[in-house]
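Here is the structure we will look at.
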Amino acid sequence: MNKRKLKESEESAECISQVQKILRERFCHCCAAGKLFGVRHQYSHLLELLRRTTVHGESNSALIIGPRGSGKSALLNHVLKDLREMNQVSENLLEVHLNGNPFLSGLLQTNDKVALKEITRQLQLENVVGDKVFGSFAENLAFLLEALRRGNRSSSCPVLFVLDEFDLFVHHKNQTLLYNLFDISQSAQTPVTVIGLTCRQDILELLEKRVKSRFSHRQIYLMNSFDFKEYIKIFKKQLSLPADFPDEAFAQKWNNNVQHLSEDKTVQDVLQNLFQHSKDLRSLHLLLMLAVSAVTAQHPLLTPADLQEARRHHSSDSRANIVHGLSVLEICLIIAMKHLNEVYDGEPFNFQMVYNEFQKFIQRKAHSMYNFEKPVVMKAFEHLLQLELVQPLERPSVRAQREFLLMKLLLDSRQIMEALQLYPNCPTDVKQWAASSLSWL
């Protein structure tokens, strides 16, 4: 009897382990194992573009544009996975992945010389290059691609260049890397396609004329345009186990439970709160990741309480704790942003709007607050930016006026109110201002 119970316990633990492995891989990676949502047209467009490169030897270039978390990398990974599975696609497609973000260790290509070295490494042409030294970046790149040539254009080895954080490559000196990649995609004998991923909507305005003239101007836009009903469907699909799960009986039980969760009022409130804060699917994945971590052999199915607890951990991040160390002026600016979010339904704001809101509070309601000069308020606002409590929607350009850069607040109303309750010696009128549901009109 004890042996049978022990065996059942081990089987249950193994089953739960498989559940967590499958779901964690789905939540934690931009892999092609999950599902795409609402991007069927973009998927077909990109797949056909890359298929023409690999099958017909056509060179091209395109930009995938969308806010962070909209699924740009996931879309590209799905397309590449399906492309490799096509019978008519040869297996010799070469991929070069570059990233312009200097904060990503091991992926940084902050100048053209480093980028060229990384291209050489990924194309496995170190033995061809050796100690050879050429005059220019263009000559180096042309030599690398010449080494890949094999007969005519249709039989040459196609190369796909993927430039993540594409807008950061714009800041390389003279945009030499971009110029040469786009130029080669137009004229080289080796089939070359360049795909850039960026969150900058105005990216074409940042390109030099000579670079822009060589770009195909293909742009694929991704926007999180789904409503809350679709968000619930995404929640169900992301939590559901696949049909090929080893234990069919448990998978059916798990998926039925997910269906019940999606209809539960408590769960819907949790998801509604997250949806209103951000449609970023990475936020949903993090929430589900925390909830799935609570599943054990003794607690094999998720409950609404698990989702509530996951939401509490999800929102209690370090940003809320940072608020406790801010000055009263910085607290007031955060409250002004909170009111702007409420009045304009989460639309982005700029410093001038925050300053005007703060002035309304000073002039009409507050008597304990000192009316700071505008440069002092700007300094406090910049400190909030440095602390990453406020985030610009786009990378600021040199010519942009700081007062009018669009921003978003990375704290929700609940975090702000909880932080104020713990804030030492916070003026009463400031707390009352924060608690008011409407801006001071």
Looking at (1) in a helix (DSSP H, G or I); (2) farther than 23 Å from G71 by Cβ, which is the only condition A294 fails?
-> (1)
Do we find a residue being at pLDDT 85 or above, over 19 Å from V96 (Cα atoms), in a helix (DSSP H, G or I) and assigned by the TED database to the domain that holds L63 anywhere in segment 157-179?
-> no
Verdict on L326 being surrounded by 14 or more Cβ atoms within 10 Å (Cβ to Cβ) and at pLDDT below 90 = yes
Filter result for the condition that a residue is closer than 27 Å to V270 by Cβ, at pLDDT 85 or above, surrounded by 17 or more Cβ atoms within 10 Å (Cβ to Cβ) and not acidic (D, E), over L411, L389, L384, L420 = L389
Which residues, counting only those in segment 392-408, are at pLDDT 85 or above, open to solvent by 50 Å² or more (accessible area, probe 1.4 Å) and in a loop (DSSP other than H, G, I, E, B)?
-> L406
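Here are some residues: F182, F215. Which one is surrounded by 20 or more Cβ atoms within 10 Å (Cβ to Cβ), touching a residue at least 24 places away in the same chain (Cβ under 8 Å) and in a loop (DSSP other than H, G, I, E, B)? I'd like the intermediate steps shown before the answer.
Details: F182 fails: in a loop (DSSP other than H, G, I, E, B).
Selected residue: F215, the only one of F182, F215 that is surrounded by 20 or more Cβ atoms within 10 Å (Cβ to Cβ), touching a residue at least 24 places away in the same chain (Cβ under 8 Å) and in a loop (DSSP other than H, G, I, E, B).
The values are calculated or read from the model by the stated rules, or taken from the named source; none is laboratory data. In this text, all values refer to a predicted model and were calculated from it rather than measured experimentally. All Cβ positions, glycine included, derive from the backbone under ideal geometry; neighbour counts span all protein chains shown. Note: areas computed on protein heavy atoms with side chains; ligands, DNA, RNA excluded. Shrake-Rupley method; radii C 1.70, N 1.55, O 1.52, S 1.80 Å.
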